[in-house]
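To start, the structure itself, in structure tokens.
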Amino acid sequence: MALSSILSREPLGLFGSDAGSVGAGFSDGRTGLGFSSVSGDGLSFDIRAPPNTDDEAAPESKIEFLHGTTTLAFKFQHGVIVAVDSRATAGSYIASQTVKKVIEINPYLLGTMAGGAADCSFWERLLARQCRVYELRNKERISVAAASKLLANMVYQYKGMGLSMGTMVCGWDKRGPGLYYVDSEGNRVGGDLFAVGSGSMYAYGVVDSGLRPELSVEEACELGRRAIYQATYRDAYSGGVVNLYRVHSQGWERVSQDDVLQLHQQYKAEAQD
Amino acid sequence: MLSTPMFANGGRMKEYHHSGSTECRFSPYAYNGGTVLAVAGEDFAIVASDTRLSEGYSIHSRDSPKCYKLTDTTVLGCSGFHGDCLTLTKIIDARLKMYKHSNNKSMTSGAIAAMLSTILYGRRFFPYYVYNIIGGLDEEGRGAVYSFDPVGSYQRDSYKAGGSASAMLQPLLDNQIGFKNMENVQHLPLTLEKAMQLVKDVFISAAERDVYTGDALKLCIITKEGIKEEMVPLRKD
């Protein structure tokens with residue numbers, strides 16, 4: 001039955017223009033492909049209720065989660081610094097040391113990833129599409145506040161269903177540097193400094209002690225890098241490389257990528273001088 | 001072949017003596033084992049899988065490879081629950097055909113990877129219990145490997161092992177292909193011959209220590225000339 005509905009319907013239900021479905025057997029335009037083609041923005045996402053199962057071997061326990069992570073972002077006079085680690089764990093197995101936890105939504109907006117890897121990358125990719133639609137409709141760039149609000153409202157519809165996402169939306173708009181923390185519980189908070197993940201406490205300690213209003217670009221970058229490094233040092237679930245981005249008035253730029261092992265040698269050598 | 005409660009532990013050893021009450025619940029998932037591996041080189045990609053299909057203590061088949069040819073330049077390896085592997089490959093084949101009919105060209109490896117991610121996420125709340133690894137050539141002819149988790153999170157790698165013996169194989173690949181944790185070693189680029197030998201050696205090792213891996217190894221070698229297949233016997237015990 002699922003196969004027949006696949007072969008009879010356009011697959012890209014997310015664009016949801018026409019709700020008619022030929023012989024699919026689903027009244028609301030659902031296809032076997034897992035997309036709901038609802039009219040309007042087509043953003044409502046089809047949910048299949050999972051059968052009640054206590055099976056420990058079910059894939060829920062094997063999905064990659066990034067609760068074990070350290071991501072941070074802070075505002076300073078020259079923009080926003082975004083620094084993240086790159087480790088993804090599935091239980092106690094390190095699934096990857098090269099995860100890109102900063103998502104480039106568009107040339108002037110960045111989003112970070114913490115929580116469920118698939119949840120973060122999927123919803124932020126959807127956010128990128130929605131930001132582009134906004135640009136086309138309104139002939140101007142979307143503000144950071146509006147982009148973060150779109151994301152928060154999208155995931156709020158799934159509150160309680162098990163999405164796990166803790167993200168920071170960072171950008172530069174008419175009001176200057178913008179930084180919002182959005183999560184799958186429904187929180188959306190603007191601020192000057194956020195750190196998310198299991199290593200966040202270690203990162204807060206470093207950033208709080210070094211943050212000053214008159215930081216230069218190099219000092220701010222080094223502060224972000226050091227904070228993530230210290231978090232990877234003490235948190236078993238954070239590690240890999242430190243990816244550093246900076247958002248300024250012209251957009252974002254990728255500053256550096258440093259392996260934590262090399263940073264360790266570097267800081268150790270500096271401490272011995 | 002029904003998934004009786006006895007096999008519902010997902011591949012762990014079942015305890016023979018129960019003390020206390022037993023609750024038997026229907027599980028829509030079963031664990032059929034199997035290991036998949038993909039390696040990307042400068043102008044080639046290799047996707048390899050064992051061919052054993054098991055469930056609990058039984059072997060259902062010794063000739064059930066987990067590599068599926070998608071296009072002339074892309075092969076998908078999927079392990080986990082065989083039922084979901086079959087449905088997923090059917091859906092991908094149908095979507096590839098639709099793309100070809102509407103766009104008059106085959107899907108590129110990167111596009112297939114992005115599409116698979118959304119297909120998997122479409123079942124976020126009742127996931128496909130499948131570990132996917134795509135191997136193929138990108139638009140510039142370079143080898144590409146994309147690895148997925150069951151709900152669609154993916155990234156491009158140069159090598160990845162998935163499935164039951166993945167935790168045994170991945171560290172070995174990290175060392176031999178990624179030159180990790182070695183100092184003063186020359187980073188030589190990976191040749192096709194060395195990659196093939198490495199894949200064979202690595203599966204032979206996995207078959208020694210993982211009960212769900214064995215019987216035979218199927219290699220799909222993807223180059224610009226096309227896809228070549230090779231079968232190598234493994235331990236059958």
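Every number in this text was worked out from the coordinates using simple rules, so none of it is lab data. If you're wondering where the values come from, they're calculated on a predicted model, not measured in any experiment. Note: ideal-geometry Cβ built from the backbone for every residue, glycine included; neighbour counts use all protein chains shown.
Each label was represented as a point 7 Å from its Cα along the Cα-to-Cβ direction; for B:E42 and B:E193 these points are 1.5 nm apart.
Going toward the positive end of the dipole of segment B:111-163, with +1 on Lys and Arg Cβ and -1 on Asp and Glu Cβ, which of B:A144, B:P127, B:G163 do you reach last? The one lying farthest along the dipole's positive direction is B:P127. Summing charges over all other residues whose Cβ lies under 10 Å from the Cβ of A:V169, with Lys and Arg as +1 and Asp and Glu as -1, gives +1. Each of B:T89, B:S205, B:P65 was placed along the dipole of chain B (beta-carbon charges, centred on the mean Cα), and the one lying farthest toward the positive end is B:T89. Its DSSP H runs of at least 4 residues, each contributing -39,500 (n - 2.57), put the calculated 222 nm mean residue ellipticity of chain B at -9000 deg cm²/dmol, to the nearest 500.
For segment A:77-143, what class follows from the C-alpha gyration tensor (a ≥ b ≥ c being the square roots of its eigenvalues): rounded when a/c is under 1.5, otherwise prolate if a/b is larger than b/c, else oblate? Note, shape of segment A:77-143 comes out oblate.
Neighbour counting of Cβ atoms within 10 Å sorts the residues A:L244, A:L110, B:L192, fewest neighbours leading, into B:L192, A:L244, A:L110. Applying Stokes-Einstein at 4 °C and 1.567 mPa s to the Kirkwood radius of segment A:193-273, computed over alpha-carbon pairs, gives a translational diffusion coefficient of 97 µm² s⁻¹. Put the Cα centre of segment A:129-167 next to the Cα centre of segment B:168-237 and the gap is 43 Å.
What is the ratio of the Cα radius of gyration of segment B:35-234 to 2.2 N^0.38 Å, with N the residue count, to two decimals?
Values: Rg = 16.2 Å, N = 200, 2.2 N^0.38 = 16.5 Å.
For segment B:35-234, the normalised Cα radius of gyration is 0.99.
Between segment B:106-142 and segment A:206-226, what's the alpha-carbon centroid distance in Å? So the separation of the two Cα centres works out to 39 Å. Between B:M231 and B:N103, the distance separating the two model label sites (each 7 Å from Cα on the Cα→Cβ line) works out to 3.5 nm.
Charge dipole of segment B:30-121 (Cα centre as origin; +1 on each Lys and Arg Cβ, -1 on each Asp and Glu Cβ, all else neutral): 320 debye, rounded to the nearest 20.
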